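The values are calculated or read from the model by the stated rules, or taken from the named source; none is laboratory data. Nothing here was measured: the structure is a model prediction, and the numbers come from that model. Using ideal geometry, Cβ is built from the backbone for each residue, glycine included, and neighbour counts are taken over all protein chains shown. For accessibility, only protein heavy atoms count, side chains too; no ligands or nucleic acids. Shrake-Rupley method; radii C 1.70, N 1.55, O 1.52, S 1.80 Å.
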Amino acid sequence: MRRVVVTGMGGITALGNNWPEIQGHMMRGETAIRRLPEWERFIGLNTRLAAPVVGFSVDELYPRKKIRTMGAVARMAVRATEMSLADAGLLGDPIVTGGRTGIAYGSSFGSPAPVMAFAELMKDGQSKTLNATSYIQMMSHTAAVNIGLFFGITGRVIPTSSACTSGSQGIGYAYEAIKWGKADVMVAGGADELDVTESAVFDTLYATSTRNDRPETTPRPYDRDRDGLVIGEGAVTLILEERERALARGATIHAEIVGFACNADGNHVTQPQASTMQVALREALADAELPATEIGFVSGHGTATEWGDIAETEATRAALGFAAPIHSLKSYFGHSLGACGALEAWLGIEMMRAQWFPPTINLDNIDPRCAELDYIQGAPRPLDIAYLMSNNFAFGGINTSLIFKRV
């Protein structure tokens with residue numbers, strides 16, 4: 001079995017597109033959550049809150065012919081991938097187009113706007129906006145496909161459209177492809193764009209925050225006074241590479257991936273199960289050949305939904321057997337759905353390298369129903385750790401766990 005390292009990282013997020021900028025916001029206790037006045041027109045929608053990416057555009061960067069098949073989700077994914085390939089020193093390298101580089105990338109959906117073109121056709125018998133790129137922009141694997149087209153990648157493509165685990169599955173399956181010799185380099189990650197329909201999905205489940213006049217106070221993962229999640233957006237790409245190849249070319253290695261696991265609850269589409277969640281965490285530890293005590297920090301899923309927080313923390317405590325330090329980055333970025341697993345992996349690696357971990361914002365009163373863990377509150381914590389576990393859980397009962405080693 002071959003070892004797998006991270007040699008490139010890049011992202012588009014609601015708090016910036018590079019680690020120093022994002023860390024600066026976190027140091028100041030700033031989040032990306034805001035009220036969206038344009039959502040006032042949606043009657044019956046309870047939430048008006050979101051965490052948008054502001055000012056993003058590739059119109060001046062790429063020719064129109066290159067981006068006509070891309071909605072916002074694909075554009076963010078392609079730009080994040082370009083940044084990540086550049087960080088890895090592989091932008092323009094023959095390995096990218098040589099057949100031994102693949103893609104494992106996900107989103108919960110494609111771009112929602114083109115759906116309207118098909119809806120018009122079904123409802124009115126005709127559509128004024130339907131065109132040859134409508135389906136390409138809305139299909140669930142639009143990010144993966146457009147990344148491949150833009151960079152000329154000819155290796156395997158693994159689209160991961162699994163809601164909140166799309167990004168973490170992308171990284172995990174990319175890791176396995178290299179580990180088992182099916183590829184030498186993999187483009188891995190996830191993306192999602194902000195749309196009211198995504199908030200409406202959770203709004204109908206009474207799972208969105210309605211602190212519309214106090215956006216700075218929400219979401220509140222693991223907190224007794226939580227009232228739901230806030231939807232965000234973004235895209236993050238990691239470049240994974242076979243370790244010996246990376247060393248031979250003198251690449252900068254950001255971290256090593258040593259463990260991954262994915263399983264399913266097999267029980268209910270929206271009710272998480274701590275019993276099967278903990279199995280995923282234990283299987284990731286087994287894959288890494290690590291005792292639980294080696295995990296120095298847990299990047300939690302932490303959506304600020306009642307049963308999600310409780311089940312996740314119960315599973316974490318049961319799998320690790322001790323009160324591991326934990327936080328939720330969704331308190332800063334909202335829930336970026338298909339992007340969140342990749343975003344939390346990227347920033348988890350950056351934090352592990354910096355030995356600096358911010359608190360969960362708005363975590364004032366830990367819910368007594370959450371399991372006993374070392375919840376980081378109030379102020380950042382310096383931690384010198386060797387291994388970080390990053391966990392995500394999705395609709396359909398899909399559970400993932402990634403373990404990164406500091407290099």
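Out of curiosity, is D287 at pLDDT 95 or above and over 29 Å from G10 (Cα atoms)?
no
Would you pick out the residues in segment 270-289 that are under 20 Å from the mean Cα position of the chain (by Cα), of a type in the set (A, V, I, L, M, F, W, C) and more than 23 Å from V4 (Cβ to Cβ)?
Within segment 270-289, M277 is the sole residue that qualifies.
Taking only pairs six or more apart or across chains, which ones have beta-carbon atoms under 8 Å, a first residue in segment 154-169 that is in contact (Cβ under 8 Å) with a residue 24 or more places away in the chain and basic (K, R), and a second residue that is part of a loop (DSSP other than H, G, I, E, B) and open to solvent by 10 Å² or more (accessible area, probe 1.4 Å)?
Filtered contacts from segment 154-169: R156/K182.
Could you please tell me which pairs satisfy a Cβ distance under 8 Å, a separation of 6+ or placement on different chains, a first residue in segment 35-46 that is over 20 Å from P219 (Cα atoms), and a second residue that is surrounded by 15 or more Cβ atoms within 10 Å (Cβ to Cβ) and polar (S, T, N, Q)?
Sorted first by the residue in segment 35-46, then by its partner, the list stays empty.
Quick one: which residue in L194, L205 is closer than 23 Å to I398 by Cα, more than 21 Å from the chain's Cα centre (by Cα), assigned to a loop (DSSP other than H, G, I, E, B) and touching a residue at least 40 places away in the same chain (Cβ under 8 Å)?
Of L194, L205, the one residue that is closer than 23 Å to I398 by Cα, more than 21 Å from the chain's Cα centre (by Cα), assigned to a loop (DSSP other than H, G, I, E, B) and touching a residue at least 40 places away in the same chain (Cβ under 8 Å) is L205.
Of all residues in segment 185-238, which are open to solvent by 30 Å² or more (accessible area, probe 1.4 Å), charged (D, E, K, R) and over 30 Å from A371 (Cβ atoms)?
Selection gives D195, D213.
Say we look at segment 112-163 and pick out the residues that are among the basic types (K, R) and modelled with pLDDT under 95; which of these is farthest from I398 (Cα to Cα)?
Initial filter on segment 112-163 (among the basic types (K, R)): 123, 128, 156.
Add one more test, that the residue is modelled with pLDDT under 95, and what stays is 123, 128.
Values: K123: 34, K128: 38 Å.
Of everything passing the filter in segment 112-163, K128 is farthest from I398 (Cα to Cα).
Can A132 be described as without any contact (Cβ under 8 Å) to a residue 12 or more places away in the chain and not in a helix (DSSP H, G or I)?
yes
Residues that are open to solvent by 20 Å² or more (accessible area, probe 1.4 Å) and touching a residue at least 12 places away in the same chain (Cβ under 8 Å): which helices (runs of 4 or more DSSP H) entirely in segment 279-385 hold 1 or more of them?
Because the criterion is at least 1 residues that are open to solvent by 20 Å² or more (accessible area, probe 1.4 Å) and touching a residue at least 12 places away in the same chain (Cβ under 8 Å), the helices (runs of 4 or more DSSP H) in segment 279-385 that meet it are 306-320, 340-354.
Please count how many residues of segment 212-265 are among the charged types (D, E, K, R) and in contact with a Phe, Trp or Tyr (Cβ under 8 Å, 6 or more places away or on another chain).
Residues that pass the stated criteria total 1.
Of (1) assigned to a loop (DSSP other than H, G, I, E, B); (2) in contact with an Asp or Glu (Cβ under 9 Å, 6 or more places away or on another chain); (3) farther than 22 Å from R353 by Cβ; (4) open to solvent by 50 Å² or more (accessible area, probe 1.4 Å), S275 satisfies all except one. Which?
So S275 meets the others, but not (1).
Would you say E344 is closer than 21 Å to R282 by Cα and in contact with a Pro (Cβ under 8 Å, 6 or more places away or on another chain)?
No.
Which fully enclosed helices (runs of 4 or more DSSP H) of segment 18-96 have 3 or more residues being open to solvent by less than 60 Å² (accessible area, probe 1.4 Å)?
19-27, 72-88
Quick one: L149 ticks every box in (1) touching a residue at least 60 places away in the same chain (Cβ under 8 Å); (2) in a loop (DSSP other than H, G, I, E, B); (3) open to solvent by 70 Å² or more (accessible area, probe 1.4 Å); (4) not charged (D, E, K, R) bar one, so which box is it?
Result: L149 passes all but (2).
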